[in-house]
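For reference, the structure is listed below as structure tokens.
The values are calculated or read from the model by the stated rules, or taken from the named source; none is laboratory data. All of these numbers come straight from a predicted model, not from anything done at the bench. All Cβ positions, glycine included, derive from the backbone under ideal geometry; neighbour counts span all protein chains shown.
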Amino acid sequence: MTTTTQSRATPVASEAAERAAAAGGGVATRRRPGVRIPRPSGWSLIRLASILVYVFMFAPIAVVVLLSFNSSRFGTFPLEGFSFRWFEALWANDAIVSAFQTSLVLGFLTAIISTSIGIAASLAMVRYDFPGKGLINTALITPILVPEVVLGVALLLFLRWLSIPKSFLLLLMGHVLITLPFVVLVVQARLTAIKPVYEEAAKSLGANAWETFFRVTLPLLMPAVFAGMLFAFTISFDDVTATLFWKSGGTETVPTQIFAMLRNSISPEINALGTVMIVLTVSLPLIAGGLARWFARGGRG
Amino acid sequence: MAETRDIAVRLTDVEKNYGSFQAVRDMTLDIPEGSFVTLLGPSGCGKTTTLRMIAGLESITAGEIAIKGRRVNEVPIHKRNLGVVFQNYALFPHMSIADNVAFGLKYRKLNKTDAREKVRRALQMVRLPHVEDRFPGQLSGGQQQRIALARAIVIEPDVLLLDEPLSALDANLREDMRVELKRIQRELGIATVFVTHDQGEALAMSDKVVVMSDGQMEQIGTPEDVYNRPTSRFVASFLGNSNFLGATVEDVTDGLVTLAVKPGEGGAMPIRLSIASNGRFRKGEAVQIVIRAERLCIGRAPESRGGPMNTFEGVVTNVDYQGLNARYFVEAGGQKLQVINPIDQHPAREGDRVTLHLRSEDAVILDDTGHVHH
């Protein structure tokens, strides 16, 4: 979880922190107009450097989004005119639409399966003691540590050895494999924070293990379950490397489709597709976060 | 031993081991119907483990637990029909108060109207009738405690188990809740096992107190029994303020033991005490005398109960003013004694020479291992 969460969350979080720090600094300077701060150049340099880093990181994304609305076929500035034509072309492109459907179905199924297994595994890890627990826990997390190329090749060779043909089901299994560690880590962290006493109380009132899980544990676990599903979905939706190894011929997900399109030519459709993916992968967590907060507020009356 | 049907919970030679560590051993205890039994002891004495074994939250290593005459060793917790109140209430944060209280009723085949009526009555019982639609996070600690109690009693359990339910409350509220809890228990007439490390709670609420230490029962008795007639040094020191004096038996006649208290440093004249006891003591035997700090009276002698009165002199070295009472430290016969007396018009002052009185019935003699002589 840490790697991906951080690589995803850090830019935004540290940007906010940076802004807060910068604003704080500004306020402090303004609050004491008479006091001269001895070396203002140090802070200015840091501020400048941070701004440049963010520009460097976000400029390419901004360019993609901007160019997707360009009416010209060639990706040059200044923009010639505003148009939705590349989005329309995208909609008309059967290969892309089908790749999109594949990605969505794959993402949702991965999220559901991965989260279900992840919850069960976390419950076993946090609530029960059994021999080999440490080993299994490590095994559950390992896919994060193994480079995806290695994982991709390994699973492929394994399937070849078993003489199982590639299929959508195997691709799905692969995606579950790479997303499971993230779900397990998120759900385990939350489960550790939920005191077993709630479950004990439920059982003392007459609920059996299943009823306790569905009426007490799962509702309390819901934020982590949502977060885990979101992780699983976005990771599955974004994955290129392993998917290239595992997909059967003819099946394309959005990233592999883009990859394939790039091999022929750089079409502005790709910019439009990129914009759609950015909107989707950014808005999904935001919506989920908003929903979570809305539920939390609803829960408190 | 009472008839089996009058016993709500019976523990027979119950034992609990965690690996090589014995958390509870030799636990044999009857909890009669309708009675309020307290497991009292310092942390780590096995009282909570015992409660959790009765609840079914811990397995039993050896022995047998029976609830209403039914062996429950292998019965899972959700089939034991118990009401458990936990230390931190454990109200389900995602459910309204009404849903929290009604939780257990879902598993007890009731129609909705009956269930709602029961919830309403339980909330009335704990005197919080208007909070049904609120959530646990919106209630104070004391209110949450009452809801936790309502949730436990609404299912009409065979036994009520309370695991330090008052320890999370602040002092004033704790005393109020103590009275409330006892009132509710009386009204329901339900057998209750209460776990606490607070001697005040144990003495105030219980019909029977079980003092535990190191996984074992030290003494079982009424609050007056364990307080006034401790059978071991542990019990005497755990409950109240006690003086422990080393002494030698000088004479035994007719249930009255004459002892010479060992003088401390300073070569003072030893105090000689006559103490009523049924124990068999030999002349010259080394023993320990336990005297409660409030049984020693400064100045005025207490009303005699027929036995002889011990009277000796001492010097007040320190006065600890406590409002209603004063705690005096008195040096007598080379020994430092604690004395707690109500303050009348003229409390003794530091340096005062005072006369101390002790009824022969107001002390306990333990053998030199710190246990009652048999």
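Below is a table of values for the structure above.
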| quantity | calculated |
| --- | --- |
| One residue from A:Ile235, A:Ile258, A:Ile270, A:Ile266 being of a type outside the set (Phe, Trp, Tyr), surrounded by 15 or more Cβ atoms within 10 Å (Cβ to Cβ), more than 20 Å from the chain's Cα centre (by Cα) and more than 14 Å from every other protein chain (Cβ to nearest Cβ) | A:Ile270 |
| Test: residue in the stretch B:150-168 that is more than 13 Å from chain A (Cβ to nearest Cβ), at pLDDT below 90 and touching a strand residue (DSSP E or B) at 6+ places or on another chain (Cβ under 9 Å) | yes |
| Which listed residue is within 17 Å of B:Gly370 (Cβ to Cβ), among the aliphatic types (A, V, I, L, M) and buried (at least 19 other Cβ atoms within 10 Å of the Cβ), from B:Met205, B:Met217 | B:Met217 |
| Of all residues in the stretch B:98-149 being touching a Phe, Trp or Tyr at 6+ places or on another chain (Cβ under 9 Å) and more than 18 Å from B:Leu188 (Cα to Cα), the one that is farthest from the other protein chains (Cβ to nearest Cβ) | B:Gly141 |
| Residue in the stretch A:196-204 that is surrounded by fewer than 16 Cβ atoms within 10 Å (Cβ to Cβ) and assigned to a helix (DSSP H, G or I) present | yes |
| Positions within the stretch B:278-306 being polar (S, T, N, Q) and outside any strand (DSSP E or B), in sequence order | B:Asn278, B:Ser304 |
| Cβ-Cβ under 9 Å pairs, at least 6 apart or on other chains, the stretch B:104-120 side without any contact (Cβ under 8 Å) to a residue 12 or more places away in the chain and surrounded by 15 or more Cβ atoms within 10 Å (Cβ to Cβ), far side aliphatic (A, V, I, L, M) and not in a helix (DSSP H, G or I) | B:Lys106/A:Leu205; B:Lys106/A:Ala207 |
| The stretch B:332-354 - residue that is surrounded by 14 or more Cβ atoms within 10 Å (Cβ to Cβ) and of a type in the set (S, T, N, Q) and, of those, farthest from the chain's Cα centre (by Cα) | B:Gln335 |
| Qualifying residue in the stretch B:49-58 (condition: assigned to a loop (DSSP other than H, G, I, E, B) and in contact with a Lys or Arg (Cβ under 6 Å, 6 or more places away or on another chain)) | yes |
| Filtered residue count, the stretch B:320-371, keeping only those that are acidic (Asp, Glu), over 26 Å from B:Asp251 (Cβ atoms) and in contact with a Lys or Arg (Cβ under 6 Å, 6 or more places away or on another chain) | 1 |
| Verdict on B:His94 being away from chain A (no Cβ under 12 Å) and in a loop (DSSP other than H, G, I, E, B) | no |
| Test: residue in the stretch A:150-163 that is hydroxyl-bearing (Ser, Thr, Tyr) and loosely packed, with under 11 Cβ neighbours inside 10 Å | yes |
| Any hit, the stretch A:177-194, residues being farther than 28 Å from A:Asp239 by Cα, under 30 Å from the mean Cα position of the chain (by Cα), within 14 Å of another protein chain (Cβ to nearest Cβ) and surrounded by fewer than 24 Cβ atoms within 10 Å (Cβ to Cβ) | yes |
| Filter result for B:Glu224 (surrounded by fewer than 19 Cβ atoms within 10 Å (Cβ to Cβ), within 18 Å of the chain's Cα centre (by Cα), modelled with pLDDT of 90 or more and assigned to a helix (DSSP H, G or I)) | yes |
| Unmet criterion (only one of (1) at pLDDT below 90; (2) surrounded by fewer than 14 Cβ atoms within 10 Å (Cβ to Cβ); (3) of a type in the set (A, V, I, L, M, F, W, C); (4) not assigned by TED's automatic domain parsing to the domain that holds A:Phe226) for A:Ala21 | (2) |
| Tally, over the stretch A:245-255, of residues that are surrounded by fewer than 17 Cβ atoms within 10 Å (Cβ to Cβ) and in contact with a helix residue (DSSP H, G or I) (Cβ under 8 Å, 6 or more places away or on another chain) | 1 |
| Criterion: small (Gly, Ala, Ser), closer than 27 Å to B:Leu188 by Cβ and within 14 Å of chain A (Cβ to nearest Cβ) - qualifying residue of B:Ala55, B:Ala66 | B:Ala55 |
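Residues checked against (1) exposed (fewer than 13 other Cβ atoms within 10 Å of the Cβ); (2) of a type in the set (Phe, Trp, Tyr); (3) not assigned by TED's automatic domain parsing to the domain that holds A:Phe259:
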{"site": "A:Ala59", "(1), (2), (3)": "yes, no, yes"}
{"site": "A:Ala95", "(1), (2), (3)": "yes, no, no"}
{"site": "A:Ile113", "(1), (2), (3)": "no, no, no"}
{"site": "A:Ser116", "(1), (2), (3)": "no, no, no"}
{"site": "A:Ala121", "(1), (2), (3)": "no, no, no"}
